[in-house]
Amino acid sequence: RQFESFKQEALQIPAIKTVSKSNSSLVEIGNQNSSVQWSGKPEDSDIFFRTVVVDYDFVETMGLNLLEGRFFKKEFNDTNNFIVTKHAVEIMGLENPIGQEIVQWGTPGKIVGVVEDFHGRSLHEKLDPIVLMCKPEWTGTVFIRIDGDKAQEAIAHLESLSKKFNPKYDFAYSFVDDDFERLYSTEKVTGSLALSFTIMAIIISGLGLL
């Protein structure tokens, strides 16, 4: 409820570059739906999109590469508008996507930007078309880009701000690269076990030869 005040105070900290909000991390986008509508969409289409609801400055905070158009801007009142990935443009067959109207969950809006494709899930899964929807009131998790050389300084300041604005809740945070790493933790364990059993098999075979 006090996000804007929190954001403005956080941006006064030299170690913090940008601050925004979303309903999902881009590392593991859970929302998958077929409710995106656009002009020319086949009636029998079963195409599924990943949708992320974001606040202003989110695309810049996450460092997504803008290919066409612009980022979400408050001065343009972009609430309900969209930024889509290149793959989403290809899936929808849009030759000139900027300014095209699409509908998500019954909410119409215009495409204002196109970003480079990125995997919103494990790299073992196929590349999904992704829609970023600017709907600040639907967001709940804060994302902050910090100066990597001043990470501990930034975290200390953010913990103080968290206690100031959210005193009833513990300060909890994670780094996106660690979240990404956790996607593959199971595979690493499986790989280690497979290696161990392979070595054991070789040893047993060697003993058998002896």
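Put simply, of Thr18, Thr51, Thr61 the only residue that is of a type in the set (Val, Ile, Thr), more than 14 Å from the chain's Cα centre (by Cα) and open to solvent by less than 70 Å² (accessible area, probe 1.4 Å) is Thr18. Against the list (1) open to solvent by 40 Å² or more (accessible area, probe 1.4 Å); (2) free of Cβ contacts under 8 Å to residues at least 60 places away in the same chain, the condition Glu101 fails is (2). Identify the residue in the stretch 141-179 that is modelled with pLDDT under 90 and within 25 Å of Phe71 (Cβ to Cβ) and, among all such residues, is most open to solvent (accessible area, probe 1.4 Å). It comes out as Asp177.
Inspect all residues belonging to the stretch 13-29 and state whether any of them is without any contact (Cβ under 8 Å) to a residue 40 or more places away in the chain and outside any strand (DSSP E or B). Don't jump to the end; show me each part of the working.
Taking the stretch 13-29 as the starting set, the residues that turn out to be without any contact (Cβ under 8 Å) to a residue 40 or more places away in the chain are none.
No, the stretch 13-29 contains no residue that is without any contact (Cβ under 8 Å) to a residue 40 or more places away in the chain and outside any strand (DSSP E or B).
In the set (1) in contact with an Asp or Glu (Cβ under 9 Å, 6 or more places away or on another chain); (2) in a loop (DSSP other than H, G, I, E, B); (3) farther than 24 Å from Asp178 by Cα; (4) of a type outside the set (Phe, Trp, Tyr), the condition left unmet by Asp46 is number (1).
On the basis of being closer than 15 Å to Met92 by Cβ and open to solvent by 50 Å² or more (accessible area, probe 1.4 Å), does Lys110 make the cut?
Details: closer than 15 Å to Met92 by Cβ: yes; open to solvent by 50 Å² or more (accessible area, probe 1.4 Å): yes.
Yes.
Among the residues making up the stretch 92-138, those that are in a loop (DSSP other than H, G, I, E, B), closer than 15 Å to Ile29 by Cα and touching a helix residue (DSSP H, G or I) at 6+ places or on another chain (Cβ under 8 Å) are Asp117, Leu127, Asp128, Pro129. Here is the figure for the stretch 31-48: residues that are exposed (fewer than 12 other Cβ atoms within 10 Å of the Cβ) and under 20 Å from Lys86 (Cα atoms) total 5. When the stretch 50-83 is limited to residues that are part of a strand (DSSP E or B) and touching an Asp or Glu at 6+ places or on another chain (Cβ under 7 Å), the one that is farthest from Pro97 (Cα to Cα) turns out to be Arg50.
Screening the stretch 64-89 for residues that are acidic (Asp, Glu) and within 20 Å of the chain's Cα centre (by Cα) and picking the one that is most open to solvent (accessible area, probe 1.4 Å) gives Glu68.
Condition check for Gly120 on (1) modelled with pLDDT under 95; (2) within 17 Å of the chain's Cα centre (by Cα); (3) exposed (fewer than 13 other Cβ atoms within 10 Å of the Cβ): one failure, at (3).
The values are calculated or read from the model by the stated rules, or taken from the named source; none is laboratory data. None of the values given here were measured: they were computed from a predicted structure. Cβ sites come from the backbone with ideal geometry, for glycine too, and all protein chains shown count toward neighbours. Just so you know, the surface numbers come from the protein's heavy atoms only, side chains and all, with ligands and any DNA or RNA stripped out. Shrake-Rupley method; radii C 1.70, N 1.55, O 1.52, S 1.80 Å.
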